[in-house]
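Novice: My structure is below; once you've seen it, I'll send some questions.
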DNA sequence: GCCATTTAGATTGTGTACAATTAGATTGTC
DNA sequence: GACAATCTAATTGTACACAATCTAAATGGC
C-alpha cells in the first residue's frame with residue numbers, strides 16, 4: 001500500500017526505468033573518462049572521433065557522423081576544435097567538393113599510443129563489472145536497434 | 001589475426017566498447033522520447049525532473065540534483081524554463097533561505113496523467129527488448145556504481 | 001556574540017547535441 | 001547542356017552538462 005496511488009494510476013519510479021539507468025551510467029562513464037582524457041586534451045566525443053580516425057584515416061564528415069550517430073551540427077564545431085588543437089586536418093575532397101575529409105595530423109598520430117592506455121584505465125575502473133561488459137554491450141545493441149527502428153516508423 | 005596490429009598494439013574497435021554502446025543507446029532513447037515528449041512541451045531531462053516531482057513534491061534543488069546526478073549549473077536554468085512554462089514554482093525555503101524548493105504548479109500537476117502514457121509508448125518502442133529491460137537495468141546499475149566508486153578514489 | 005567554515009544556489013565559460021535552414025556541389029532527366 | 005532534385009557541410013538557435021567561481025545563508029567552535 002505504502003506510497004502508491006489509486007489503481008491504474010501507478011507512476012513508474014525513476015529508478016526502475018531502463019532509460020534512466022542508461023542516462024546515469026552514461027554520466028558515470030563521462031566522469032570516469034574526463035580526468036583520463038583531460039591528460040590528452042580531449043573530451044569524450046573528441047576521443048571517439050580520434051578512435052575512428054586511428055582505425056581509418058581520411059573519412060568524410062558524413063562517414064564519421066554515421067559511425068558515431070552525430071550530425072554536422074555537432075561534428076563541424078568539434079572537428080574545428082580538433083583542428084585548432086593540431087590533431088587533425090580538414091580538407092575539401094578535390095573530386096567531390098561537397099565533402100570535407102578528416103586526416104590525422106602528426107600530433108594526432110602521436111596520440112595513438114596514449115589512446116591505447118585509456119581503455120586499460122577504464123577497464124580498471126569497471127573492476128568486477130568488466131566481465132559482463134561483452135554481453136551487456138550486445139544486449140544494449142538490441143535495445144538501440146529496437147528504439148531506432150521504432151523511431152524510423154514515425 | 002585478421003585486422004590486428006603488431007602485438008601489443010591492438011587499438012580497441014569502437015563497436016566493441018561498452019561505453020560506446022551506452023553512448024549510442026542513450027542517443028537512441030533520446031530520439032525515441034523526443035517526439036513523444038514534444039507533445040507535452042518537455043525535453044527528456046525536464047521529463048525526469050517532472051517524474052521526480054510527481055513522486056515527491058517540494059524538493060530542494062539539491063535533492064533533485066542528487067536523484068538525477070545533476071548539479072545546479074544544469075538544474076537552475078532547466079528549472080527556470082519549467083517555471084516559465086508554468087509547470088513548477090520555485091520558492092525560497094522560509095526556514096533555510098539557502099534552499100529553493102520546487103513545487104508542482106497547476107499545469108504541472110495536470111500533466112501527470114499524460115506522463116503515464118509516455119512510458120507505455122516507450123515500452124512499445126522497445127518491443128521485444130522490453131522483456132530484458134529489468135535485468136539490463138540492474139546490471140547497468142552495477143556498472144554505474146563501479147565507475148562512480150573508481151571516480152571517487154581519484 | 002563573533003568569525004571561520006560549510007552549504008545551497010546562481011553565474012560564467014566551454015563543449016556537446018540536434019532541429020531547421022542555408023550555400024554550394026553533384027546527379028539524374030530530359 | 002540545362003535544370004530540378006539531391007547531397008554535404010556549415011550555420012543558427014535552443015537546451016543540456018559540468019568545472020570553476022561567486023554570493024548569501026547557516027553552522028560550529030570558541
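Novice: Only one residue in A:53, A:59, A:87, A:42 is modelled with pLDDT of 95 or more and within 10 Å of DNA strand C (Cβ to nearest atom). Which one?
Specialist: Only one candidate qualifies: A:42.
Novice: Now for a separate question. What number of residues within segment B:89-116 are within 11 Å of chain A (Cβ to nearest Cβ) and away from DNA strand D (no atom under 16 Å from the Cβ)?
Specialist: Looking only at that region, the number is 3.
Novice: Identify all residues within segment A:50-76 that are closer than 21 Å to residue B:22 by Cβ and without any contact (Cβ under 8 Å) to a residue 40 or more places away in the chain; write none if there are none.
Specialist: Across segment A:50-76, the qualifying residues are A:52, A:55, A:64, A:65, A:66, A:67, A:68, A:69, A:70, A:71, A:74, A:75.
Novice: Moving on. If you go through segment B:32-72 one residue at a time, how many are more than 10 Å from chain A (Cβ to nearest Cβ), touching a strand residue (DSSP E or B) at 6+ places or on another chain (Cβ under 8 Å), away from DNA strand D (no atom under 13 Å from the Cβ) and assigned to a helix (DSSP H, G or I)?
Specialist: So the count comes out to 1.
Novice: Please tell me if residue B:79 is near DNA strand C (Cβ under 9 Å from one of its atoms) and either in a helix (DSSP H, G or I) or closer than 20 Å to residue B:44 by Cβ (or both).
Specialist: yes
Novice: May I pose another question? In segment B:56-71, which residues are under 15 Å from the mean Cα position of the chain (by Cα) and exposed (fewer than 15 other Cβ atoms within 10 Å of the Cβ)?
Specialist: B:66, B:71
Novice: Can you pull out the residues in segment A:21-31 that are touching a helix residue (DSSP H, G or I) at 6+ places or on another chain (Cβ under 7 Å), within 11 Å of DNA strand C (Cβ to nearest atom) and within 7 Å of chain B (Cβ to nearest Cβ)?
Specialist: Across segment A:21-31, the qualifying residues are A:26, A:29.
Novice: Scan segment A:118-129 for residues that are surrounded by 15 or more Cβ atoms within 10 Å (Cβ to Cβ) and at the interface with another protein chain (Cβ under 8 Å from one of its Cβ atoms) and jot them down.
Specialist: Result: A:119, A:122, A:125, A:126, A:127, A:129.
Novice: All but one of (1) more than 29 Å from residue B:150 (Cβ to Cβ); (2) within 12 Å of chain B (Cβ to nearest Cβ); (3) more than 20 Å from the chain's Cα centre (by Cα); (4) surrounded by fewer than 14 Cβ atoms within 10 Å (Cβ to Cβ) hold for residue A:150; state the number of the condition that does not hold.
Specialist: That leaves (4) as the condition not met.
Novice: In addition: Consider residue A:86 carefully, then state whether it is more than 16 Å from DNA strand D (Cβ to nearest atom) and either surrounded by fewer than 17 Cβ atoms within 10 Å (Cβ to Cβ) or farther than 18 Å from residue B:17 by Cβ (or both).
Specialist: Yes: the conditions hold for residue A:86.
Novice: Considering only segment B:90-116, state which residues are in contact (Cβ under 8 Å) with a residue 24 or more places away in the chain and either within 12 Å of DNA strand C (Cβ to nearest atom) or not in a loop (DSSP other than H, G, I, E, B) (or both).
Specialist: B:93, B:99, B:100, B:101, B:102, B:103, B:104, B:108, B:112, B:114, B:115
The values are calculated or read from the model by the stated rules, or taken from the named source; none is laboratory data. Everything numeric in this text was worked out from a predicted model, so none of it was measured. We place every Cβ from the backbone using ideal geometry, glycine too, and count neighbours over all the protein chains shown.
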